[in-house]
Amino acid sequence: MAKHALSTRLWHWVNAAAIIVLFMSGLNISNAHRYLYWGDYGFDPKDAWLSVIRFPGWATIPQHYNLAMARDWHILAAWPFGVGLLFIWIAMLANGHFRRDLATRPSDWTPAAVIASVKAHSPSGEPAHHGYNAVQKILYGGVFGVLLPMMVLTGLSISPGFEPAAPWLIDMLGGRQSARSLHFLAAWGIFGFFVIHIGLALTDWRLILEMFTGGRREAAASVAPTPTPEPAPPVEGAIDHG
Ligand code: HEM
Ligand code: HEM
């Protein structure tokens, strides 16, 4: 059985490409008005909760400031991103990947599980061939379940064409400017995940290769439980209180 289903691999690389375009075109859009507000209205920088830096050309799509082109790129990439998210959710609920590999149990949320996950990732640790550890499950689950859907919801709600179709969405998010601020913050949340994720993936290039080829999942039977140690022989001269 492949370690990564074809649906996971297809989604993963389409999504990665779409997110890079979305993030870099988003930074160009941000340069158009570098102030973020809470609530419904905002145009005066003195009411802003955050004054954002101007992002340099190398970080933006296109490389020069052009709001119309940046929006075209953003919407172009938003389609494969949004449709891909819907596709992967349906696929991983149908093929059991979510229940089997990503859903957490209460024991995954304990400090001991987090320490075990970090140890497993250290150079001397066991390579994780028999599934994701607790930290991976929590982070991947958070990306699938919180960050990525939030990008779609906040992104749709600040799209001028969509707003009249679902004004309740904006109300739910606390107003148009709040939705925009949340969109911006979640984009940086994804950036943070992306940096750590790539950093860890690059420590073992086989993991990256497997995200293309599918790799092989080790049979559950080969993950033998640790044998129970033999009871220690009675110590010579020990006092038997029994
Ligand atoms: C379905 C997905 C998405 C849609 C429909 C969408 C839509 C939009 C729209 C309409 C804007 C313009 C806001 C404005 O003019 O005030 C925007 C801005 C932006 N988007 Fe997205 N977006 C999506 C996904 C993403 C993703 C995945 C990222 C990054 C990982 C991202 C990053 C940004 C950034 C940084 C801005 C600039 C925020 C600002 O200062 O206004 N977007 N997005
Ligand atoms: C282009 C750079 C990227 C590389 C090299 C990369 C690499 C990888 C690798 C090697 C794995 C498998 C980890 C393992 O088997 O232990 C993985 C899984 C995953 N990656 Fe990425 N990734 C990239 C971009 C992204 C982006 C942008 C996102 C989303 C924001 C993302 C989200 C995920 C998720 C959710 C999984 C778990 C997939 C599953 O099993 O359902 N990755 N990635």
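The values are calculated or read from the model by the stated rules, or taken from the named source; none is laboratory data. Keep in mind that what you see is a predicted model, and the values were worked out from it rather than measured. Here the Cβ is made from the backbone with ideal geometry for all residues, glycine too, and neighbour counts use every protein chain on show.
Residue-level check: of (1) within 19 Å of the chain's Cα centre (by Cα); (2) within 11 Å of ligand 1 (Cβ to nearest atom), Ser7 misses just (2). Only residues that are closer than 20 Å to Leu156 by Cα and assigned to a helix (DSSP H, G or I): list them for region 32-65, please. Ala32, the sole residue that qualifies.
A single entry from Leu36, Leu67, Leu6 fulfils the requirement of being at pLDDT 95 or above and within 16 Å of ligand 2 (Cβ to nearest atom): Leu6. Applying the selection to region 68-83, what residues are within 10 Å of ligand 1 (Cβ to nearest atom), in contact (Cβ under 8 Å) with a residue 40 or more places away in the chain and not aliphatic (A, V, I, L, M)? Arg71, His74, Pro80, Phe81, Gly82, listed by residue number. Here Ser107 fulfils each of the conditions (1) more than 22 Å from His197 (Cβ to Cβ); (2) within 14 Å of ligand 1 (Cβ to nearest atom); (3) in contact with a helix residue (DSSP H, G or I) (Cβ under 8 Å, 6 or more places away or on another chain); (4) not in a loop (DSSP other than H, G, I, E, B) apart from (2).
Is region 125-144 home to any residue that is more than 12 Å from ligand 1 (Cβ to nearest atom), surrounded by fewer than 12 Cβ atoms within 10 Å (Cβ to Cβ) and within 23 Å of Val83 (Cα to Cα)? Looking through region 125-144, none of the residues is more than 12 Å from ligand 1 (Cβ to nearest atom), surrounded by fewer than 12 Cβ atoms within 10 Å (Cβ to Cβ) and within 23 Å of Val83 (Cα to Cα). In the set His197, His183, His241, only one residue is more than 16 Å from ligand 2 (Cβ to nearest atom) and either modelled with pLDDT under 95 or within 30 Å of Leu36 (Cβ to Cβ) (or both); that residue is His241. Could you please let me know if Arg206 is at negative phi and more than 20 Å from the chain's Cα centre (by Cα)? Answer is yes for this residue.
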